[in-house]
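Comments concern the structure below.
The values are calculated or read from the model by the stated rules, or taken from the named source; none is laboratory data. Bear in mind that the values here come from a model prediction, so they are computed numbers and not experimental data. Every residue, glycine among them, receives a Cβ derived from its backbone with ideal geometry; neighbour counts consider all protein chains shown.
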Amino acid sequence: MPILPPVIPNPEDVIFRLPTLSDAEIIAAAGPYDFTIDDTESVIVFADVAVLFYGTENDNVFTLNDGRGVFVARGGNDLLFGGAQNDIAFGGDGNDTLYGGEGNDLLFGEEGNDLIEGGGGSDILYGGMGADTILGEGSADYIDAGAGSDSVVGGEGNDTVLGGTGNDVLYGGIDHDILHGELGNDTLYGQFGHDTMFGGAGSDWLYGDLGNDLMSGGGGNDRMFGGDHNDTMGGDSGHDVMRGGNGNDILDGGEGNDLLMGSAGHDSLIGGTGSDVLKGGWGADHLDGGNGADTLIGEGGADVLYGGNNDDSLNGGAHDDTLYGDAGTDTLTGEDGNDVLWGGAARDFLRGGDGDDSLMGGSGNDYMRGGNDDDTLLGGDGNDRMFGNSGADSLVGGDGEDLIEAGSGSDFVSGGDGDDTIFGNIGDDTLRGERGNDAMHGGDGNDLMFGRQGNDTLTGSSGNDVLFGGDGNDYLRGGVGNDILRGGADADQFVFRDTVNNGLDVILDFEDGVDLIRIASANHGYTVTGTADGALVEMDNGIDFVLTGVNAALITDDDFVFV
């Protein structure tokens, strides 16, 4: 093929024009070069030159060995090989293959489904339109996949990868990379190194893999998986799913109804707004539900759970957990281990489960059940319902009108302020009404009962019980067994109802003319006999009791009330 005479703009440049190829032009610096051209495609090979080639609308193959080149391929499916220096290549239309080679290259795929390889050096790669495959390979590359659903691998070096529009798949490769999915439903793999990944708009999948990774899902319903090491994830908007994997991870759901799973390691999970589900996994985890009606499950490890605002459900799981309901009507379950449960504001439901648990209801009308083993229940403000279950429990009602059942075991119960109702049930219990007009039932066992302030009702039931009324006009009934009764200050009533196995009760402080003996019997006959320390009263119906410190001659019908 003839070559037109060269035009030399300066002594170091030579320009060749090829007449049979429209718009084809080569500018070469002085030095050796080789090229071949036919009528349908261009195949150019250069060595040790600086080249500008503006290609044809046909398929072109450009190879540059050691020089520096600028390639503009235009139409066709082109092959561009850059060589060892810093090259610039434009693929144009068609499905092109661009390889930068060594050096810091600038490659543009433009139209079509292109294959772009940066090669060695720190390259800048643009996919353009179409579904492109881009490989950064050596050193720190900047890659913008552009429009279309692209596949990008950063390779070695600290790379920055942008997916652009479309549903892209991005791989960080080796070292510490930054990946942006941008628009579309993208999949991002951090792979090796400490990577930073942004899903962008759309419903994205992010995999941290190895390294301490930072992941942000952006808009859409995203999926994030931390892999090994210590990862940080942020869901932003949308209903997101996050799994921390191994390591000590931080998961923040942001907006939306999210599912957060810590897996192994000591993790921190933050639900954010929305109704979220948080699972700590194994390790000592910190879970914060945030706003919304959340479900928090500590699973394994000694966990700390905060329900946050709204009506939350908290489950500590195995080991010794601490649960805070915070605001809202919350349900707290300690499960296994020695757990601490704080109901917080509003009406809460607290269950200790196995282990020696501590339950604090806080404000509101709370429901509390201790579960197995030796539990401590504090009702706080409000009208609370408290149940000790098995074990030697301690139950304190606090303010309000509380209902307290100690359950089995030898329990301690204090009603606190307010008019409380207390049941000792099975076991040798200690019951204290404290302030208010309280009603106490000892149940089975040898119980010790103190009414203290207020007009109290004390009922011993079976066993040898000791009842102290305290201040106020109290109502004392020993029940079955040999009981000791002391009314305390003010006008008290001592009640006898049982005719079978009633035992012999002792009233320590009966005051003639002030206190009364109430007998539940149609038979009103009785006999009073003086003793060394008081009087023995024997009822015709079989009820007997002793009044200590009392002159037997003073006991008359005025001291009895028969019902």
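Considering only residues of region 359-404 that are of a type in the set (S, T, Y) and at pLDDT 95 or above, which is farthest from the chain's Cα centre (by Cα)?
Among those residues, the one meeting the criterion is S394.
Pick from I124, I143: which is out of contact with any helix residue (DSSP H, G or I) (no Cβ under 9 Å at 6 or more places or on another chain) and crowded, with 24+ Cβ neighbours inside 10 Å?
Going through I124, I143 in turn, the sole match is I143.
Which residue pairs have Cβ atoms closer than 6 Å, lie 6 or more positions apart in sequence or on different chains, and pair a first residue in region 390-417 that is among the aromatic types (F, W, Y) with a second residue that is at pLDDT 95 or above?
F412/S394; F412/T430
Taking the condition of being outside any loop (DSSP other than H, G, I, E, B), under 17 Å from M386 (Cβ atoms) and of a type in the set (A, V, I, L, M), how many residues in region 414-448 meet it?
Initially, region 414-448 is screened for residues outside any loop (DSSP other than H, G, I, E, B), giving 414, 421-423, 430-432, 439-441, 448.
If we keep only those that are under 17 Å from M386 (Cβ atoms) as well, we get 414, 421-423, 430-432, 439-441.
From what's left, of a type in the set (A, V, I, L, M): 422, 431, 439-440.
Number satisfying all stated conditions: 4.
Condition first: more than 54 Å from the chain's Cα centre (by Cα), surrounded by fewer than 21 Cβ atoms within 10 Å (Cβ to Cβ) and not in a loop (DSSP other than H, G, I, E, B). Now tell me which residues in region 472-494 satisfy that.
Listed by number, the list holds a single entry, Q493.
Specify the residue that is surrounded by the most Cβ atoms within 10 Å (Cβ to Cβ); the eligible residues are those in region 155-198 that are more than 14 Å from G226 (Cβ to Cβ), under 30 Å from the mean Cα position of the chain (by Cα) and of a type in the set (S, T, Y).
Y171
For G407, work out the one condition from (1) surrounded by fewer than 23 Cβ atoms within 10 Å (Cβ to Cβ); (2) at pLDDT below 95 it doesn't fulfil.
(1)
Hey, among G382, G400, G391, G416, which residue is on the phi > 0 side of the Ramachandran plot and not assigned by TED's automatic domain parsing to the domain that holds G364?
When all the criteria are applied, what remains is G416.
Suppose the filter is in contact with a Phe, Trp or Tyr (Cβ under 6 Å, 6 or more places away or on another chain) and among the polar types (S, T, N, Q); does S394 pass it?
Yes; evaluated as a whole, the condition is true for this residue.
Count, please, the residues in region 199-220 that happen to be assigned to a loop (DSSP other than H, G, I, E, B), hydrophobic (A, V, I, L, M, F, W, C) and surrounded by 23 or more Cβ atoms within 10 Å (Cβ to Cβ).
0
Within region 495-552, considering only strands (runs of 3 or more DSSP E) that don't extend past its boundaries, which have at least 3 residues that are in the same structural domain as G481 (by TED's automatic domain parsing) and either surrounded by fewer than 17 Cβ atoms within 10 Å (Cβ to Cβ) or hydroxyl-bearing (S, T, Y) (or both)?
Values: elements: 504-507, 516-519, 526-531, 534-539, 544-548.
Those strands (runs of 3 or more DSSP E) span 526-531.
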